[in-house]
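Encoded as structure tokens, the structure appears first; notes follow it.
Readers should treat all values here as calculations from the given coordinates under stated rules, not as data from a laboratory. This is a predicted model, so every value here is computed, not measured. Virtual Cβ from ideal backbone geometry, glycine too; neighbours counted across all protein chains shown.
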Amino acid sequence: MVKELTIEILALVDPVVDKLKRHQLSGDKTIALEISQLLMRVISAARWNSPFELIQIIRQVGKTLNTAQPKEIITGNIVRRVLAIIRDEVEEEDQDKDQTMMNSIFSLLSTQKPDKKIYQQSKKQSSDFRSIIIQGIRDLVDEITNVNEGLENMAVDLIHDNEILLTPTPNSDTVLKFLLKARSKRKFTVLVTENYPNGIEQAHKFVKTLADHKIETVLIPDTTVFAVMSRVGKVIIGSNAVFANGGCLSNSGVSSVVECAKENKTPVFAVAGLFKLSPLYPFNRDDLIEVGDSGKILNYSDFKLVDNVDLVSNPLNDYIPPEHIDIYITNIGGFAPSFIYRIVLDNYKPEDTHLD
């Protein structure tokens with residue numbers, strides 16, 4: 001039976017739901033931290049008689065958040081990470097109980113006088129369990145907050161002197177920090193696509209930031225990617241979410257860039273924090289793509305053109321299949337797309353893959 005959320009819990013969840021519906025939370029890192037802080041408050045306020053009731057509460061909260069913004073993968077990732085923390089603690093407690101029981105059985109068979117310590121059970125009170133879970137979430141918050149530090153440490157080893165790099169994701173703060181860190185010991189050139197029509201302003205800010213840090217940077221139209229790809233040493237992309245099969249979501253237009261890179265045998269590096277790895281599989285890829293304002297593609301004032309077009313679509317992201325990515329650079333190391341499923345198994349529980 002699904003446990004309904006209490007009024008106290010809903011009072012904590014509803015403001016975050018409203019922010020998600022209105023798209024007031026921008027940036028994957030911001031969303032991840034917001035959801036982590038919310039779950040910490042929920043666990044502090046919730047009342048339960050067993051850890052399994054707490055799991056049901058968190059699952060219900062996760063379902064509510066997913067309903068608010070169904071295409072946002074990060075929200076579900078954080079909920080599943082917290083559920084994994086709870087389940088790990090339950091398993092550890094069960095192992096302690098089993099060990100205590102085995103020791104008690106052996107003591108009964110022994111001819112020696114049993115030690116009183118053997119009969120002491122390591123039952124955690126609900127307050128102790130609560131504090132352990134909250135500490136686990138705090139560790140998760142620290143991981144998300146410092147995610148760029150782990151990624152930056154690999155930048156110098158992966159980028160060479162006088163190399164030409166190309167990035168089609170100028171809105172990625174992770175890619176920006178990655179390149180700035182590499183500049184401390186390497187000299188290179190960065191080609192940045194203008195990311196028309198949704199990210200032109202971000203592309204200009206991205207280029208200016210790189211130039212301010214003495215990095216030679218060139219802003220190029222999206223249509224010139226094929227022409228310059230033969231001179232590019234590496235393509236570096238940011239990712240919005242990484243799926244268990246090794247595919248990922250990225251900016252609109254990135255799929256054509258990585259296809260061009262594959263044609264020219266140019267390696268593609270995708271940078272992503274561990275919190276972006278998801279246990280989901282992209283079975284229906286069309287459901288993953290969020291659509292934005294079509295007026296940016298074809299202005300409504302051009303009514304003569306609008307009348308002659310059946311459909312004008314402005315997808316905000318692209319799905320990148322695993323065969324178009326050479327390596328994922330995460331804050332815990334670099335991994336091939338075929339190994340992503342193993343990292344997912346280490347951080348999520350199979351029973352929480354679907355929150356419904």
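Relative contact order, percent, of region 148-352 when contacts are C-alpha pairs under 8 Å separated by at least 6 residues? Before the final figure, lay out each step's value.
Details: 395 pairs, mean separation 45.8, N = 205.
So the answer I get is 22 percent.
In degrees between 0 and 90, to the nearest 10, how far off the longest principal axis of the chain does helix 51-68 point, with axes built from Cα atoms?
With both axes taken from Cα atoms, the answer is about 20 degrees.
Using label points projected 7 Å from each Cα along Cα→Cβ, tell me how many nm separate Ile332 and Asn299, to one decimal.
For the pair Ile332/Asn299, the computed spacing is 5.0 nm.
Can you tell me the orientation of helix 126-145 relative to the chain, as the angle in degrees between its alpha-carbon axis and the longest Cα principal axis, to the nearest 10?
Here the helix axis deviates by roughly 20 degrees.
Would you tally the net charge around Ser338, using a Cβ to Cβ cut-off of less than 13 Å, leaving Ser338 out, and scoring K and R as +1, D and E as -1?
Values: positive: Arg342; negative: Glu323, Asp326.
Result for the neighbourhood of Ser338: -1.
So how tilted is helix 73-109 from the main axis of the chain? Cα-based, degrees 0 to 90, rounded to 10.
The angle comes out at about 30 degrees.
Could you give the length gained on full extension between Glu259 and Asp157, defined as 0.36 nm per residue of separation minus the Cα-Cα distance, in nm?
34.2 nm
What percent do you get for the relative contact order of the chain when only Cα pairs under 8 Å and 6+ apart count?
That works out to 17 percent.
Which aspartates and glutamates, if any, have their Cα less than 16 Å from the Cα of Lys205, not counting same-chain residues under 8 positions apart?
Qualifying aspartates and glutamates at Cα under 16 Å: Asp173, Glu194, Glu216.
Hey, fewest Cβ within 10 Å first, where do Arg80, Arg342, Arg186 land in order?
By the 10 Å Cβ count, ascending, the order reads Arg342, Arg186, Arg80.
Here are some pairs, Lys181/Lys234; Lys187/Lys265; Lys19/Lys214; Lys181/Lys296; Lys63/Lys349; which of them have Cα atoms lying more than 27 Å apart in this structure?
Correct reply: Lys19/Lys214; Lys181/Lys296.
Rounded to whole Å, give me the distance from the Cα center of region 55-74 to that of region 137-198.
If we compute the Cα centre of each part, the gap is 30 Å.
I need to check one value: relative contact order of region 202-263, counting alpha carbon pairs closer than 8 Å and at least 6 residues apart, in percent.
25
Which net charge results for the neighbourhood of Phe243, defined as the other residues with beta-carbon distances under 15 angstrom from its beta-carbon, given Lys and Arg at +1 and Asp and Glu at -1?
-1
Relative to the present Cα-Cα distance, how much length would full extension add between Lys187 and Glu53 at 0.36 nm per residue of separation?
42.7 nm
Net charge around Thr145, counting only other residues with Cβ within less than 15 Å of its Cβ (Lys, Arg = +1; Asp, Glu = -1)?
Here the charged neighbours net out to -3.
I need Lys276, Lys177 ordered by Cβ neighbour count within 10 Å, fewest first.
Lowest count first: Lys177, Lys276.
May I ask for the longest run of the chain untouched by chymotrypsin sites (Phe, Trp or Tyr not before Pro) that are loop-located per DSSP and have at most 14 neighbouring C-beta atoms (other than their own) within 10 Å?
Formally, the longest exposed-site-free interval is 1-282.
For Val225, Val190, which order do you get if you count the other beta carbons within 10 Å of each Cβ and list the fewest first? Let's see the in-between values first.
Numbers: Val225 21, Val190 24.
Starting with the residue having the fewest Cβ neighbours, the order is Val225, Val190.
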